[in-house]
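Q: Starting off with a structure, shown below.
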Amino acid sequence: MRDEILAMLANGEFVSGEMMSRSFSVSRAAIAKHIKVLRSQGYEIEALPNRGYRLKNAPDLLSPARIKSFFAQPEKVLPWQIKVFSELESTNTYLRQIADQDGGNFLVAIAEHQTAGKGRLGRAWYSPDAGGLWMSLLIRPQLSPAQAQMLTLGTAVAVAKAIREMDIAASIKWPNDVLLSDGKKVCGIRCEMRADIEHVDWVVIGIGININNDHFPAELAEIATCLKTCNHGQSLDRAAVAAAVLQQMSDIYQKLERSAFAEITQDWQSLATGLHKAVTIQTTAGGLCGVMRGLDEEGYLLLEVEGQIQRVLAGDMTISV
Ligand code: BTN
């Protein structure tokens, strides 16, 4: 109920207590009690006789209703069911369990804090309490396992576009790290899936974005950044960032559904850093040095090594200076 009340107040206009009590079929006293709880959570809600309630200020809280109130084009957003937790081991692990148990779709899990956040290639992901966005999406796209690579690339496109909408410069470093203008990483993406040889059953897309968390442990300080740092030190509303990413992910999903893979790889290339530059790629088979030439239609990286093009699917890239 409190989420619905917040949704009604989201545009900052007065809403009468009577209108709320009618909409939710509860007494005005019950509405007043919910308003009291919301105030205790940090929401600044003005109350005036004959006018009702008005939301003056919301804390930087992540709630489904607040996130939804920021959708730029709600009619184009997938039917995301958003759940916010104060703490989870990992939002990816949580959704993996659901995916295996009961077959949900379009589920979004967000945690204020992850106790065992998972990064790519078996690494840990630093996920401190509040300040960041630790979010996973469970979807069941009609894709073959080979096409699932498009989802990984598309997610990086979605995040980079969402950040650019906030007037913060962002680029993509292959395969799916998002960097800011200081050259440091602001977002990491980890996709997990279950598939058979022909089709993908489910995909869990984990997105970690450093938003207002501008303090990193010593080992990350040189390589990690946050949106606040590149926004003149101004904090951002995490719910607005989450909404922008979910809006863009809806667009990517729709492109995948109509097999518009070229649109995704073109967008990726226009946002990429390191194109036509000398790079080194660390793969499980060893290191590769060459010139990055872009992506092919299946999402493989095209690396020119001594005049020959090699296709690379996974690894870590360093751009030579
Ligand atoms: C990387 O190593 O770059 C990928 C990091 C992915 C982190 C996100 S945070 C939300 C989701 N839950 C996890 O445990 N990992 C992903």
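A short reminder: the numbers here are calculations on the coordinates, not readings from a lab. Because the structure is predicted, anything quoted here is derived from the model rather than measured. Because the Cβ atoms are built from the backbone with ideal geometry, glycine has one as well, and the counts that use them run over all protein chains shown.
Q: Between the range 219-239 and the range 118-181, how far is it from one alpha carbon centroid to the other, in angstrom?
A: 16
Q: Report, in degrees rounded to the nearest 10, the 0 to 90 angle that the Cα long axis of helix 28-40 makes with the longest principal axis of the chain.
A: 50
Q: List the GluC sites (Glu not before Pro) within the range 1-60 that DSSP assigns to loop and that have no more than 13 neighbouring Cβ atoms inside 10 Å.
A: Counting only loop positions with at most 13 other Cβ atoms within 10 Å, the GluC sites (Glu not before Pro) in the range 1-60 are GLU13.
Q: Report relative contact order for the chain in percent, whole number only (criteria: Cα-Cα under 8 Å, sequence separation at least 6).
A: Computed over the chain, the figure is 15 percent.
Q: May I ask for the angle, rounded to the nearest 10°, between helix 261-271 and the longest principal axis of the chain, with both axes built from Cα atoms and the value confined to 0 to 90°?
A: Once rounded, one gets 90 degrees.
Q: Quick check: pseudo-label points 7 Å beyond the Cα along Cα→Cβ at ASP196 and HIS276, how many nm apart are they?
A: The two pseudo-label positions are separated by 4.7 nm.
Q: What distance in nm lies between label points placed 7 Å from Cα along the C-beta direction at LYS56 and GLU87?
A: 3.4
Q: Still on this structure, please answer the following. With the dipole of the chain worked out from charges on the C-beta (+1 for Lys and Arg, -1 for Asp and Glu) around the Cα centre, which of GLY286, ILE110, MET317 lies farthest toward the positive end?
A: ILE110
Q: Return one number: the angle in degrees, 0 to 90 and rounded to the nearest 10, between the long axis of the Cα atoms of helix 148-165 and the longest principal axis of the Cα atoms of the chain.
A: 60
Q: If I stretch the segment between ALA10 and GLU304 completely, what's the gain in nm (0.36 nm per residue apart, minus their alpha carbon distance), one decimal?
A: 100.7 nm
Q: If exposed means no more than 16 neighbouring beta carbons inside 10 Å and the site is in a DSSP loop, what's the longest run of the chain without any exposed trypsin sites (Lys or Arg not before Pro)?
A: Maximal segment without exposed cleavage sites: 124-257.
Q: Sum up the charges of everything whose Cβ sits under 10 Å from the Cβ of ILE319, counting Lys and Arg as +1 and Asp and Glu as -1, but leave ILE319 out.
A: With Lys, Arg at +1 and Asp, Glu at -1, the neighbours total +2.
Q: Quickly work out the ARG311-to-ALA72 label distance, labels modelled 7 Å from Cα along the C-beta direction, and quote it in nm with one decimal.
A: For the pair ALA72/ARG311, the computed spacing is 3.4 nm.
Q: A further question follows. Summing +1 for each Lys or Arg and -1 for each Asp or Glu, what net charge is found among the other residues whose Cβ lies under 15 Å from the Cβ of MET193?
A: +1
Q: If r is the Cβ-Cβ distance from GLN97 to SER21 and R0 is 30 Å, what FRET efficiency results, to the nearest 0.05? Provide the component values of the computation, followed by the final result.
A: Numbers: r = 39 Å, r/R0 = 1.30.
So the FRET efficiency works out to roughly 0.15.
Q: Give a quick list of GluC sites (Glu not before Pro) in the range 166-242 that DSSP marks as loop, anything other than H, G, I, E or B, with at most 13 other Cβ atoms within 10 Å. Working shown, then result.
A: Details: sites: GLU192, GLU198, GLU219, GLU222; in loops: GLU198, GLU222.
Sites meeting the loop and neighbour criteria: GLU198, GLU222.
Q: Looking at the range 1-75, which chymotrypsin sites (Phe, Trp or Tyr not before Pro) are in a loop (DSSP not H, G, I, E or B) and have at most 11 other Cβ atoms within 10 Å?
A: Counting only loop positions with at most 11 other Cβ atoms within 10 Å, none of the chymotrypsin sites (Phe, Trp or Tyr not before Pro) in the range 1-75 qualifies.
Q: Tell me whether the range 2-149 comes out rounded, prolate or oblate; compute the Cα gyration tensor, take square roots of the eigenvalues as a ≥ b ≥ c, and use a/c under 1.5 as the rounded threshold.
A: Judged from the Cα gyration tensor, the range 2-149 comes out prolate (a/c at least 1.5, a/b above b/c).
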